1. In the range 83-112, what count of residues is obtained for those that are in contact with a Pro (Cβ under 6 Å, 6 or more places away or on another chain) and assigned to a strand (DSSP E or B)?
2. Would the range 110-119 turn up any residue that is of a type in the set (Phe, Trp, Tyr), surrounded by 15 or more Cβ atoms within 10 Å (Cβ to Cβ) and farther than 16 Å from Phe57 by Cα?
3. Identify the residue in the range 40-50 that is buried (at least 16 other Cβ atoms within 10 Å of the Cβ) and not aliphatic (A, V, I, L, M) and, among all such residues, is modelled with the lowest pLDDT.
4. Every residue in the range 113-124 that is outside any loop (DSSP other than H, G, I, E, B) and within 22 Å of Gly74 (Cβ to Cβ), please.
5. Please find, within the range 137-167, the residue that is surrounded by the fewest Cβ atoms within 10 Å (Cβ to Cβ) out of those that are outside any loop (DSSP other than H, G, I, E, B) and touching a Pro at 6+ places or on another chain (Cβ under 7 Å).
6. Within the range 38-68, take every residue that is touching a residue at least 40 places away in the same chain (Cβ under 8 Å) and of a type in the set (Ser, Thr, Tyr) and give me the one that is nearest to Ala170 (Cα to Cα).
7. Which residue out of Lys37, Lys3, Lys100 is basic (Lys, Arg), surrounded by fewer than 18 Cβ atoms within 10 Å (Cβ to Cβ) and at pLDDT 70 or above?
8. Is it true that Arg124 is more than 14 Å from the chain's Cα centre (by Cα), without any contact (Cβ under 8 Å) to a residue 40 or more places away in the chain and over 20 Å from Thr67 (Cα atoms)?
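The values are calculated or read from the model by the stated rules, or taken from the named source; none is laboratory data. Computed from a predicted structure; not experimentally measured. Glycine gets a Cβ as well: all are built from the backbone with ideal geometry, and neighbour counts include every protein chain shown.
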Amino acid sequence: MKKKIFSVSNSILLVFLALLLIPQTRTPIQVAINRVKMLVLSPSAIDEVEQTQLQPFNYEVKDLNGTSTMVEVGMGRVAFLSYWATWCPPCIAELPSIQKLHVDYGDKMDFILLTNEDPAVVRRFLEKQRYKLPVYFPSITTPEVLYETSIPTNYIIDASGKIIIKETGAADWNSPKVRKLLDSLIAN
C-alpha cells in the first residue's frame with residue numbers, strides 16, 4: 001500500500017513538473033502558487049528607525065499613450081509605487097489586490113505602476129485583465145534609493161517622502177493591515 005501511495009505521489013509530482021516546463025501552463029501555475037503565498041503575506045511597515053527619507057522628486061514618465069508627464073513623489077501625497085512586468089508571475093498574482101486598493105484609494109493618494117515593457121504589450125495585458133491602473137514607463141533612471149533588481153518591488157511612501165513599506169515579491173496589498181496604515185497616512 002505504501003509503495004502504491006509513493007508511486008501516485010511521484011506521478012503527480014512528475015506531471016506537475018512537466019506542466020511547469022510547458023510555457024502555456026507555467027505562468028498560470030506560478031501565479032496560483034504566488035496567490036497562495038499571498039494568503040499569509042501582508043506587507044508590514046518598516047521599523048521607524050530603518051525608514052528611508054527620500055528627497056521629494058518628480059519622476060519623469062510616459063503614460064500608455066506615450067505622453068510625457070511628471071509624477072510627484074514625496075510632495076504632499078501618499079504614494080504607492082510599484083515596479084512590475086506583465087511576464088512576472090508574482091506581479092500578476094498581486095495585481096488584483098492592487099486594483100482593489102486603487103479603486104478605493106485612487107482619489108486619496110497616488111498610484112504609480114512602472115514597467116519597462118513595450119506599451120502595446122502592457123495595454124493588451126491591462127485590457128485583457130480589465131485592469132484600470134495608472135501605468136507608466138520611466139523616462140529617467142530609477143533613483144538609487146528606489147532601485148531594486150527584483151520585481152515586483154512595491155513601496156508605500158508617505159506625504160513627506162518617507163518609505164513606510166518596501167516589499168519585494170507578491171503580497172496582498174488589499175489587506176486590512178495595509179488599509180489601516182493607508183488610512184492613518186492619508187489622515188495625517
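1. Qualifying residue count for the region: 1.
2. Keep residues of the range 110-119 that are of a type in the set (Phe, Trp, Tyr), which gives 111.
In the following step, the residues that additionally are surrounded by 15 or more Cβ atoms within 10 Å (Cβ to Cβ) were identified as 111.
After this cut, where a residue has to be farther than 16 Å from Phe57 by Cα as well, the list is none.
Within the range 110-119, none of the residues are of a type in the set (Phe, Trp, Tyr), surrounded by 15 or more Cβ atoms within 10 Å (Cβ to Cβ) and farther than 16 Å from Phe57 by Cα.
3. Ser42
4. Leu113, Leu114
5. As a first pass, look at the range 137-167 and keep what is outside any loop (DSSP other than H, G, I, E, B): 137-138, 144-146, 153-157, 162-167.
Now drop any that are not touching a Pro at 6+ places or on another chain (Cβ under 7 Å), which leaves 137, 165, 167.
Details: Phe137: 17, Ile165: 21, Glu167: 20.
Going through the qualifying residues, I end up with Phe137.
6. Per the criteria, the residue is Ser42.
7. The unique qualifying residue is Lys100.
8. Values: more than 14 Å from the chain's Cα centre (by Cα): yes; without any contact (Cβ under 8 Å) to a residue 40 or more places away in the chain: yes; over 20 Å from Thr67 (Cα atoms): no.
Judged against the criteria, Arg124 is not a match.
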